[in-house]
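The values are calculated or read from the model by the stated rules, or taken from the named source; none is laboratory data. Everything numeric here is computed off the predicted structure, so don't read it as measured data. Every residue, glycine as well, gets a Cβ built from its backbone with ideal geometry; the counts of neighbours run over all protein chains shown.
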Amino acid sequence: METVLSVEGLGKSFKQIQIIQNINFDVRKGEIMAILGPNGAGKSTTIRNIMGIMYPDEGSVNFHNYASGEIPRNKIGYLPEERGLYKNVKVLDMILYLAELKDYPIKKAKARALEYLAKLGLEGKEKVSVEELSKGMGQKVQFIGSIIHEPELLILDEPFSGLDPVSQEVFKNEIKDLASKGTAILLSSHQMNMVEEVCDRLFMIHRGQKVIYGTLAEVKNQYSNFKCTIRGKNDISLLERLSHVNRVEQKGDVSVVYLSQDVVVPLWLRQLPENLNIQELSIDRISLHEIFIDVATDQHIVNERSAVNA
Ligand SMILES: Nc1ncnc2c1ncn2[C@@H]1O[C@H](COP(=O)(O)OP(=O)(O)OP(=O)(O)O)[C@@H](O)[C@H]1O
């Protein structure tokens, strides 16, 4: 797939403190790439360097064959972490103003704006002034502003925050739809369930450095695939002695047994001892949420390894 954005060796310091270091990834046409990491990891700093809001100390950002200084900004859409629209401007005028800033034909912009306002449940709000909107509604308007000019690359910093579950679904579907039509999307989010549902690949930063980079399937395969949850009173040492066990976590009567990558689940189930107390048992895939916590807290619960492709 065609590479739209490539980030190479990006590094940035503030007051001699290295915030991000040697960041490398790309975003391809029609894919949703998630950029993840705990608070303060360096995600927004990376995005701001891509957007030319700040300049990197090291490395480069390329959009197709354009180098940093030459990137045609009207080909990029950006929903920043800090939300902000002019308060005393009417919704439709606000969107058209943003389209004009990107040199997008106004007639087309108007048709698109009305289409998206209806799609996002804001039909009839065209003439309402921005200050009269709720926080979530304002976010929807800003989102429309970021895509009004049909950008080839869309960068979304925390698009789901502050949205109710229904609106999150609408946003999620819209983001997927844009990608299916060819938009390259870089998405930063702390909502792992959402990320898991939409992203094709992911990049995780921890303490300013890459710790995970790959497709969702690759990441899951690298981190032990399965966990077995058993409800029943059991001695932890009995569970720890089983084969293919990376680690056991016990809370009251519930034990979570994290299995190693090479486990064959039916065989593993067959070797469970007869004296195991099983009131309930389930086998599940490790979630992205668990992988995130594992990496971000250096726990190595799900896998002895700390990184994928690092
Ligand atoms: N302008 C600045 N001057 C000094 N330090 C900064 C500046 N901007 C960011 N930082 C620091 O850089 C680090 C990374 O911040 P950044 O906003 O990139 O993190 P993030 O991964 O986006 O976090 P969050 O999930 O909380 O939004 C933090 O320690 C932050 O304090």
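Considering only residues in segment 126-159 that are of a type in the set (A, V, I, L, M, F, W, C) and under 14 Å from Leu187 (Cβ atoms), the one that is farthest from the chain's Cα centre (by Cα) turns out to be Ile147. Elements of the type helices (runs of 4 or more DSSP H) sitting completely within segment 231-298 and holding at least 1 residues that are under 17 Å from Asn221 (Cα atoms): these cover 265-270, 288-296. Residues considered: Ala41, Ala118, Ala113, Ala34. Of these, the only one that is assigned by TED's automatic domain parsing to the domain that holds Tyr213, on the phi < 0 side of the Ramachandran plot, touching a residue at least 12 places away in the same chain (Cβ under 8 Å) and part of a helix (DSSP H, G or I) is Ala113. Residues of segment 180-195 that are away from the ligand (no atom under 16 Å from the Cβ), surrounded by 21 or more Cβ atoms within 10 Å (Cβ to Cβ) and either under 13 Å from the mean Cα position of the chain (by Cα) or aliphatic (A, V, I, L, M) (or both): Ala184, Ile185.
Only residues that are among the charged types (D, E, K, R) and closer than 17 Å to Ile71 by Cβ were counted across segment 29-53, and they come to 2. Please state which one of Arg247, Arg207 is over 27 Å from the mean Cα position of the chain (by Cα), at pLDDT below 90 and either within 24 Å of Asn22 (Cβ to Cβ) or outside the structural domain of Leu10 (by TED's automatic domain parsing) (or both). Within the list Arg247, Arg207, the selection yields Arg247.
For Lys227, the stated conditions do not hold, so it cannot be described as surrounded by 15 or more Cβ atoms within 10 Å (Cβ to Cβ), among the charged types (D, E, K, R), under 30 Å from Ser180 (Cα atoms) and away from the ligand (no atom under 16 Å from the Cβ).
Taking segment 4-31 as the range and being assigned to a loop (DSSP other than H, G, I, E, B) and at pLDDT 95 or above as the test, the residues that pass are Lys29, Gly30, Glu31. Among the residues of segment 115-131, those identified as closer than 21 Å to Val166 by Cβ and surrounded by 11 or more Cβ atoms within 10 Å (Cβ to Cβ) are Glu115, Tyr116, Leu117, Ala118, Lys119, Leu120, Gly121, Leu122, Lys125, Val128.
Every test in (1) surrounded by fewer than 18 Cβ atoms within 10 Å (Cβ to Cβ); (2) of a type in the set (Val, Ile, Thr); (3) under 30 Å from Ser282 (Cα atoms) is passed by Val257 save one, and that test is (1). Scan segment 17-45 for residues that are more than 9 Å from the ligand (Cβ to nearest atom), within 16 Å of Asp57 (Cα to Cα) and crowded, with 23+ Cβ neighbours inside 10 Å and report the count. Matching residues across segment 17-45 total 1.
Going through (1) in contact with a strand residue (DSSP E or B) (Cβ under 7 Å, 6 or more places away or on another chain); (2) within 22 Å of Gly11 (Cα to Cα); (3) of a type outside the set (S, T, N, Q) one by one, Lys75 falls short only on (2).
Criterion applied to Asp177, Asp103 was being more than 29 Å from Ile291 (Cα to Cα) and among the acidic types (Asp, Glu), and the one residue passing it is Asp103.
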